[in-house]
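> Sending over a structure as structure tokens; questions will come in a sec.
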Amino acid sequence: MRIVFFLFLLANLAFFAWTYLGSGRAVDESQLVAQQVNPQEIRLLSGEQVGKLAAERAKQVGERPKAPAKPPVAACLELGGFSPGDAPQVQKALEPLGLGARLTQRRAEEIASYWVFIPPLRSRQSANLKAAELKKLGVDDFYVVQEDSKLRFAVSLGVFKTEDAANSRLAELQKKGVRTARVAPRETSVQKVYFSIREVPDALAAKLNDLRQSYAGTELKECPSEETRAAK
């Protein structure tokens with residue numbers, strides 16, 4: 001009887017354990033199935049839809065969507081200094097850029113330390129012949145010295161602040177076929193023309209720099225302040 005009783009007890013315990021644990025697992029599995037995401041409901045969003053969601057999210061958290069970055073813009077750039085003879089050509093080259101009121105021009109007297117020239121010729125007639133020869137070579141920016149007795153009938157081809165700028169001008173002339181020009185120190189007052197352009201984006205600055213490279217001794221830099229101009 002004692003053995004039968006224990007067997008009966010073990011059978012009841014086993015049945016109770018199977019009933020409790022089995023039903024619990026069934027409930028847990030059914031809950032997990034219910035919580036699963038249906039794959040057929042998943043869809044990919046386009047870039048535009050993602051942008052709209054991001055903007056809506058920014059509004060909800062009190063943030064403003066960031067505006068697209070603007071290209072860098074220089075407040076004012078100055079292109080110069082050009083000789084009075086070159087200024088009309090530069091003005092014409094700037095016209096297609098549509099600068100309007102953003103473009104202004106100024107003239108300044110400067111002290112030049114180096115000049116490019118052809119040494120004095122024997123007579124006025126020789127100087128006139130040399131002038132005609134220069135024009136045939138495509139050189140228009142020059143003048144025949146008349147007032148200085150020591151340099152009378154020399155042909156001036158440009159005066160510059162630095163020797164490097166003068167040598168650049170000489171190299172430019174040599175490419176055109178001018179063979180007798182040279183560089184020498186000479187302190188004299190010359191007039192230069194400068195073009196100021198306001199609100200200059202990088203793309204426009206690149207075009208201005210290309211134009212600058214066509215004229216030896218010129219620069220593209222930030223516009224000087226009023227105090228700096230007055231000091232000059």
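> Would you point out the residue of region 137-174, among those that are in a loop (DSSP other than H, G, I, E, B) and among the acidic types (D, E), that is surrounded by the fewest Cβ atoms within 10 Å (Cβ to Cβ)?
The selected residue is E147.
> Okay, next question. Pull up region 175-229, narrow it to residues that are under 17 Å from the mean Cα position of the chain (by Cα) and polar (S, T, N, Q), then point me to the one that is surrounded by the fewest Cβ atoms within 10 Å (Cβ to Cβ).
Of everything passing the filter in region 175-229, Q213 is surrounded by the fewest Cβ atoms within 10 Å (Cβ to Cβ).
> With V145, V190, V159, V178 as the choices, which residue is more than 22 Å from E109 (Cβ to Cβ) and either modelled with pLDDT under 90 or among the β-branched types (V, I, T) (or both)?
That would be V178, the only listed residue that is more than 22 Å from E109 (Cβ to Cβ) and either modelled with pLDDT under 90 or among the β-branched types (V, I, T) (or both).
> Assuming T162 fulfils every condition listed in (1) farther than 21 Å from R212 by Cβ; (2) in contact with a Phe, Trp or Tyr (Cβ under 8 Å, 6 or more places away or on another chain) apart from one, which condition is it?
Going through the list (1) farther than 21 Å from R212 by Cβ; (2) in contact with a Phe, Trp or Tyr (Cβ under 8 Å, 6 or more places away or on another chain), T162 breaks only (1).
> Here's another thing I want to ask about it. Could you please let me know if E48 is among the charged types (D, E, K, R) and at pLDDT below 90?
Taking the combined requirement at face value, the residue satisfies it.
> Also: What are the residues in region 97-117 that are touching a residue at least 24 places away in the same chain (Cβ under 8 Å), aliphatic (A, V, I, L, M) and not in a strand (DSSP E or B), if any?
If the condition is that a residue be touching a residue at least 24 places away in the same chain (Cβ under 8 Å), aliphatic (A, V, I, L, M) and not in a strand (DSSP E or B), then L97, L99 are the ones that fit.
> Does at least one position in region 138-153 carry a residue that is in contact (Cβ under 8 Å) with a residue 60 or more places away in the chain, of a type in the set (V, I, T) and closer than 20 Å to G80 by Cα?
no
> Still on this structure, I have one more. Collect the residues in region 97-106 that are open to solvent by 60 Å² or more (accessible area, probe 1.4 Å) and of a type in the set (K, R), keeping them in residue-number order.
Scanning region 97-106 gives a single hit, R102.
> Given the criterion outside any strand (DSSP E or B), touching a residue at least 60 places away in the same chain (Cβ under 8 Å) and crowded, with 17+ Cβ neighbours inside 10 Å, identify the matching residue among L134, L94, L121, L77.
Result of the check over L134, L94, L121, L77: L94.
The values are calculated or read from the model by the stated rules, or taken from the named source; none is laboratory data. Because the structure is predicted, anything quoted here is derived from the model rather than measured. Methodologically, a virtual Cβ is constructed for each residue, glycine included, from the backbone with ideal geometry; neighbour enumeration extends over all protein chains shown. Protein only, heavy atoms only, side chains kept; ligands, DNA and RNA dropped before computing areas. Shrake-Rupley method; radii C 1.70, N 1.55, O 1.52, S 1.80 Å.
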